[in-house]
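Input: a single structure, listed below in structure tokens.
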Amino acid sequence: MRAILICCSLSLVLAVAMQAAPATSGAKPRPEVVALEPQQLDAALASGTWLIVEFGGEHCIPCMHMQPVLQDLQATLGKKARVHNFWIQQHPEVARQHRIIVMPTQVVFNPKGEEVFRHMGYFPPDEFQATLKKLGIL
């Protein structure tokens, strides 16, 4: 029990430090990764563009660790794909519809709105980019 508390405490400290770290001078600011509402998710799926959605929670520590990764992906992808969050705790019916059982879960949808890839848990940036290259997005 003590090890779990220490691990969680360290993760929280790291997550807070990552969120509070000032941008270095000369560095490009990271784009915001917008959290979608159910109707916006439906519209994004019908938009005819690649869509990467992280289904997670605002207070989920692994989800917090993914935010810089998602922001960097959005910056790299530009208009080739949109990257969004979807908070499943606020919309559990949508989570059930998309068969989400773990936070975070990253899902890649093709321009037809079809799921083409899914990953559960923290997704290291190099592995995420390699996957997107295999899918032809990067």
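Read-outs: derived from the displayed coordinates by stated rules, not from any lab. Only a predicted model underlies this, so the values are computations on that prediction, with no experimental measurement involved. A quick note on method: Cβ atoms are made from the backbone with ideal geometry, for glycine too, and the neighbour counts reach across all protein chains shown.
Mean separation of Cα pairs under 8 Å and 6+ residues apart, divided by the residue count of segment 30-134: what relative contact order is that in percent?
36 percent
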Next item on the list: Excluding residues on the same chain fewer than 8 positions from residue 133, give the aspartates and glutamates whose Cα lies under 17 Å from its Cα.
Entry: 72, 115
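Please compute one quarter of the surface area of the Cα convex hull for segment 30-134 and express it in square nanometres. Numbers along the way, then the final one.
On the way: hull surface 23.4 nm².
Its Cα hull, projected and averaged over all orientations, spans 5.9 nm².
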Next item on the list: Give me the distance in nm between label points sitting 7 Å out from Cα along the Cα-to-Cβ direction at residue 118 and residue 80, one decimal.
Entry: 2.5 nm
Item checked: Modelled FRET efficiency - R0 25 Å, residue 89 with residue 43, Cβ distances, 0.05 increments -> 0.70
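Kirkwood hydrodynamic radius, segment 86-138, all distinct C-alpha pairs: what's the number in Å? Walk me through the numbers on the way to the answer.
On the way: mean 1/r = 0.0826 Å⁻¹.
Every distinct Cα pair counted, the radius reaches 12.1 Å.
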Item checked: Virtual spin-label span in nm between residue 135 and residue 59, 7 Å along Cα→Cβ -> 3.0 nm
